[in-house]
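The values are calculated or read from the model by the stated rules, or taken from the named source; none is laboratory data. In this text, all values refer to a predicted model and were calculated from it rather than measured experimentally. Counting neighbours? That spans all protein chains shown, and the Cβs are built from the backbone with ideal geometry, glycine included. Ligands, DNA and RNA are stripped out before the accessible areas are found, and what is left, the full protein with its side chains, is counted by its heavy atoms. Shrake-Rupley method; radii C 1.70, N 1.55, O 1.52, S 1.80 Å.
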Amino acid sequence: MQPSAKLKLQRVDYVQVASLKCSNSIQLLSAKGVKHQQKVVVGDQRGILQLISIKKGEPFVDFKVELKSPVNCVTVHVNSNEPTKEMIVTATQQTVQGFSVKGKLIFKMDTNLVEPIQHLWMASKEELVVSNSYVYNHYQDGKEANYFLSTDRINAVAVLPLNKVPSLTPLLGCQDGNIYSLRDSSLRHRLPIDAGIPTAIQLFQNDGGTSGEWVIYGTSLGQIGLVRWSRAGPAVRWVIQLPSQTTVTSLDFYDVSDSVDGGQLIVGREDGVIEVYQVPPEDDAVHSPTLIFSQNCNDSIAAVRGGIIGADGFPEILVATQRGWIFGLTSCESTTRRKQPDEVTAARASNAQGSERRKQLQYLKSEVEFLEKQFTEAKNNKSPALLPASLEKTETTSAQVNVRAKMNFVGQQNAYYISVESQVSINFILVQCDTNVQLMDVERNLAILSVVDHEKNVPSRLTATFRCQSNTTRLEMKLICAERNTSDQVRLYVSPSIQEPRLAFLKSFRLGCLCNHVRCHPPESFQWSASTPPSSLTLRGGFSQADAHNWIVSCLPNVPEKVPVDEEIHFYFRNDQWQSKLDVQYRRGEIVFLSDNVVALSHVRDFISTEATTKSIQLTMNAEVTWEATEILLHHVHPQLLDLIHRRQRTALALALQEAATDQLALDATGDADWMTAELRDIVLAAKENQPSNHQHTTVEQYQNFLLDLFASHREFLGELEVRSSHKFSLLANMLADTAVRTEAFVEQFRSDDLSTVV
């Protein structure tokens, strides 16, 4: 989506703090008047809470409080009776604290949560909502009023405005791909998200609209949607999906362009992109928003906030990155910002200018003293066994380097996207994996990729390095991996550009045996019909529910690490490449897999058998292979294979024709530069128009290997041995390489023996 109308904003850097965790790490105080400057509240992972004001383009710290624990949440509470008396509320560990705008502690509450607070909402000192990774708590008058245990990790929390809705209605965006609404301690409604996992939730126009029921959400795959959350349940009004498919980290509404239609939607993404959308008004919610501004800052965005920060009367977007950079995208031009009358300029050259410089020097001096104090405490608190001797002589930054790494799977592209970000420049990244995977570079990376060719007897199948250019703090890569019967890990050794000591951070990600499956919600398509029954695999034995859950976690992606409390657990998955489905049900002593893809059943059977043998657990297996669902799968996959082969042949022919057209010998032989026939020109033109997308990574070999695995898995479930060395297997392999073989002939040969047998 391209911007339809240009919104001109320019970047103005303000200050850098320590790393920030999420969008709740930074907030703005209310303006004292119409279009007056606002102050910025920041809580970082170093445990520092500070209030910053921008004066003449320079940051000044109004107060700084050392909380000694990472600040996970910051919010600003405005008393409706006394709007001028704002309270800055923070969450550190399990404690909620409130500070005045002068930095004085005026409120403190210790919650009964076991894990640190991750999300915070406050209507008053008597009405408080907090949550950690799995638990939601509602407090009234300091006492727990409501409690909810989520089955999966909570990524985002929003609460509908109490002045517009009749009762407290919290919304939880969870890792299982759902947004839940609660009533007291019970689940009220559920909204399944098809594209990704909800990562950000924001009230429409920051107040929920006229009814208070309108909500905007963003997902891990870049989707943005508008939902009306009424008493009857959620109703999606519009959804937009951009080609970038990068995680939405922060949402906000603000009138950046002084439009008459209300505030614009500001979106911050994990890849550093900041976007502004012109959103239709509430009564025209059928139409999707229009992109009017986009810019990439090349750092992961932690938060975006709209307000007036740098200069009176000029709206801007305040951006905070996860590395701690805070800057503004403002409509105020630099010439206007610094334009002063002659008499003011003369005054600033004297006492006023000297006063400003003294304030700046005092600010820098306090920063240096604080860093020295932090370094001294860190050095004294480190035991000799944990702190290398060389580290005692280094600067503070070497001990406080923070490296983040994240991996997301995009089912439509059949690829994993890995992003690495560091507070300091990255020197190189070493990538290793024992599984045969394909590593791909991203065009915007400022790095050189080198892949090591291994011999067959070397355990590691992938060893590659990214040598980064100077000032590279963020790197992205793509990973293509085929499903198999083992689970492995991708290991990243990240070395920042620190001279002494040399550091390397290890980041590892699991690749399950069914790593290309995507967890989804139970749609109607999972109601298997009688005409196309799925194949099934049932495992029984003396294993616990925790054992079964750990096996499922190792096999499939996006399964919660904690064991759900239900007696019987049920998950649904799909494979977008093969258009197959997988239904998993398990409890103590029994696991049932239902799928139209017997290759997936074969992989999980082999993996769980190996894991159970390691724990000396005896398993009994019962497999029922059906033909009807497999036949549908064959009719879907084989035509795609033929299309890929034809496209590869046409591309090769077009390249040859293009080379011949530029070859001087061909021109001399024909005496005419336009020697190609109309048919050949059409082939060249079609090849140019149908260039493969950067997101398409499927190959002919992948399809051929899958169809052969499908045949081998059938025969193995039927009890046949050495299927891959049989004559029938070789015959099918030759048929897959022959484009003259139609799908019906291949399916008939595939089914030449009866496969509908119960084992």
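Could you go through the stretch 238-245 and let me know if any residue there is surrounded by fewer than 18 Cβ atoms within 10 Å (Cβ to Cβ), at pLDDT 90 or above, farther than 23 Å from Q423 by Cβ and under 19 Å from the mean Cα position of the chain (by Cα).
Within the stretch 238-245 (the criterion being surrounded by fewer than 18 Cβ atoms within 10 Å (Cβ to Cβ), at pLDDT 90 or above, farther than 23 Å from Q423 by Cβ and under 19 Å from the mean Cα position of the chain (by Cα)), the answer is yes, since at least one residue qualifies.
Could you please find all residues in the stretch 592-610 being in contact with an Asp or Glu (Cβ under 8 Å, 6 or more places away or on another chain), surrounded by 22 or more Cβ atoms within 10 Å (Cβ to Cβ), over 15 Å from C515 (Cα atoms) and of a type outside the set (F, W, Y)?
Residue satisfying the conditions is S595 alone.
On the basis of being touching a Ser or Thr at 6+ places or on another chain (Cβ under 8 Å) and exposed (fewer than 15 other Cβ atoms within 10 Å of the Cβ), does N146 make the cut?
The answer is no for N146.
Please work out which residue is farthest from V437 (Cα to Cα), limiting yourself to the stretch 484-522 and to residues that are of a type in the set (K, R) and touching a residue at least 24 places away in the same chain (Cβ under 8 Å).
The extreme case among them is R519.
Has the stretch 37-51 got at least one residue that is modelled with pLDDT of 90 or more and open to solvent by 60 Å² or more (accessible area, probe 1.4 Å)?
So far as the stretch 37-51 goes, yes, one or more of its residues are modelled with pLDDT of 90 or more and open to solvent by 60 Å² or more (accessible area, probe 1.4 Å).
Anything in the stretch 182-221 that is under 21 Å from H570 (Cα atoms) and among the hydroxyl-bearing types (S, T, Y)? List them, or say none.
S186
Filtering the stretch 201-237 down to residues that are of a type in the set (G, A, S) and more than 19 Å from the chain's Cα centre (by Cα), which residue is most open to solvent (accessible area, probe 1.4 Å)? Explain how you work it out, then say what you get.
Kept after step one, since they are of a type in the set (G, A, S), are these residues of the stretch 201-237: 208-209, 211-212, 218, 220, 222, 225, 230, 232-233, 235.
If we keep only those that are more than 19 Å from the chain's Cα centre (by Cα) as well, we get 208-209, 211-212, 230, 232-233, 235.
Working: G208: 0, G209: 8, S211: 27, G212: 0, S230: 36, A232: 95, G233: 8, A235: 37 Å².
Only one residue fits best here, namely A232.
Collect the residues in the stretch 30-47 that are touching a strand residue (DSSP E or B) at 6+ places or on another chain (Cβ under 6 Å) and of a type in the set (A, V, I, L, M), keeping them in residue-number order.
The answer is V40, V41, V42.
Across the stretch 186-200, which residue is farthest from I216 (Cα to Cα) among those that are among the β-branched types (V, I, T) and open to solvent by 20 Å² or more (accessible area, probe 1.4 Å)?
Here the answer is I197.
Here is a check on your reading of the model: is K64 surrounded by fewer than 18 Cβ atoms within 10 Å (Cβ to Cβ) and under 34 Å from the mean Cα position of the chain (by Cα)?
Working: surrounded by fewer than 18 Cβ atoms within 10 Å (Cβ to Cβ): yes; under 34 Å from the mean Cα position of the chain (by Cα): yes.
Yes: the conditions hold for K64.
Among the candidates V89, V129, V101, which residue alone is free of Cβ contacts under 8 Å to residues at least 60 places away in the same chain, over 26 Å from I193 (Cβ atoms) and among the β-branched types (V, I, T)?
One residue alone meets the criteria, V89.
Could you please find all residues in the stretch 1-36 being closer than 21 Å to T321 by Cβ, among the small types (G, A, S) and either open to solvent by 60 Å² or more (accessible area, probe 1.4 Å) or touching a Ser or Thr at 6+ places or on another chain (Cβ under 8 Å) (or both)?
Within the stretch 1-36, S23 is the sole residue that qualifies.
Filter the stretch 149-169 down to residues that are under 19 Å from S230 (Cα atoms) and surrounded by 12 or more Cβ atoms within 10 Å (Cβ to Cβ), then give me how many there are.
Residues meeting the conditions: 10.
Could you tell me whether any residue of the stretch 524-536 is buried (at least 22 other Cβ atoms within 10 Å of the Cβ) and out of contact with any Gly (no Cβ under 6 Å at 6 or more places or on another chain)?
Scanning the stretch 524-536 turns up at least one residue that is buried (at least 22 other Cβ atoms within 10 Å of the Cβ) and out of contact with any Gly (no Cβ under 6 Å at 6 or more places or on another chain).
Just checking, how many residues over the stretch 611-626 are of a type in the set (A, V, I, L, M) and open to solvent by 70 Å² or more (accessible area, probe 1.4 Å)?
Counting residues in the stretch 611-626 that are of a type in the set (A, V, I, L, M) and open to solvent by 70 Å² or more (accessible area, probe 1.4 Å) gives 1.
Looking only at the stretch 246-260, filter to residues that are open to solvent by 10 Å² or more (accessible area, probe 1.4 Å) and out of contact with any helix residue (DSSP H, G or I) (no Cβ under 9 Å at 6 or more places or on another chain); which one of those is modelled with the highest pLDDT?
D255
Has the stretch 570-581 got any residue that is touching a residue at least 60 places away in the same chain (Cβ under 8 Å), open to solvent by 20 Å² or more (accessible area, probe 1.4 Å) and not in a loop (DSSP other than H, G, I, E, B)?
yes
Output the residues belonging to the stretch 289-338 that are aromatic (F, W, Y) and open to solvent by less than 40 Å² (accessible area, probe 1.4 Å). Don't jump to the end; show me each part of the working.
As a first pass, look at the stretch 289-338 and keep what is aromatic (F, W, Y): 293, 314, 325, 327.
Once the filter is applied, which keeps residues that are aromatic (F, W, Y) and open to solvent by less than 40 Å² (accessible area, probe 1.4 Å), the stretch 289-338 yields F293, F327.
Under 7 Å between Cβ atoms, at least 6 apart or on separate chains: pull out the pairs that start in the stretch 355-366 with a residue that is on the phi < 0 side of the Ramachandran plot and end on any residue that is at pLDDT 65 or above and open to solvent by less than 100 Å² (accessible area, probe 1.4 Å).
Every condition considered, the pairs that remain are K359/F60; Q360/E58; Y363/F60; Y363/V61.
Let's see how each residue does on (1) open to solvent by less than 10 Å² (accessible area, probe 1.4 Å); (2) charged (D, E, K, R); (3) touching a strand residue (DSSP E or B) at 6+ places or on another chain (Cβ under 7 Å):
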{"position": "I498", "(1), (2), (3)": "no, no, no"}
{"position": "C515", "(1), (2), (3)": "yes, no, yes"}
{"position": "G541", "(1), (2), (3)": "no, no, yes"}
{"position": "E567", "(1), (2), (3)": "no, yes, yes"}
{"position": "E590", "(1), (2), (3)": "no, yes, yes"}
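Just need a number here: residues in the stretch 32-57 that are of a type outside the set (S, T, N, Q) and under 34 Å from the mean Cα position of the chain (by Cα). Outline the logic, then answer.
As a first pass, look at the stretch 32-57 and keep what is of a type outside the set (S, T, N, Q): 32-36, 39-44, 46-49, 51-52, 54-57.
After this cut, where a residue has to be under 34 Å from the mean Cα position of the chain (by Cα) as well, the list is 39-44, 46-49, 51-52, 54, 57.
Selection size over the stretch 32-57: 14.
In the stretch 141-156, which residue that is assigned to a loop (DSSP other than H, G, I, E, B) and small (G, A, S) is farthest from T219 (Cα to Cα)? Walk me through how you get there before you give the answer.
Start the filter on the stretch 141-156 by keeping residues that are assigned to a loop (DSSP other than H, G, I, E, B), which leaves 141-142, 150-153.
From the residues that got through so far, the ones that are small (G, A, S) too are 142, 150.
Details: G142: 33, S150: 18 Å.
The qualifying residue farthest from T219 (Cα to Cα) is G142.
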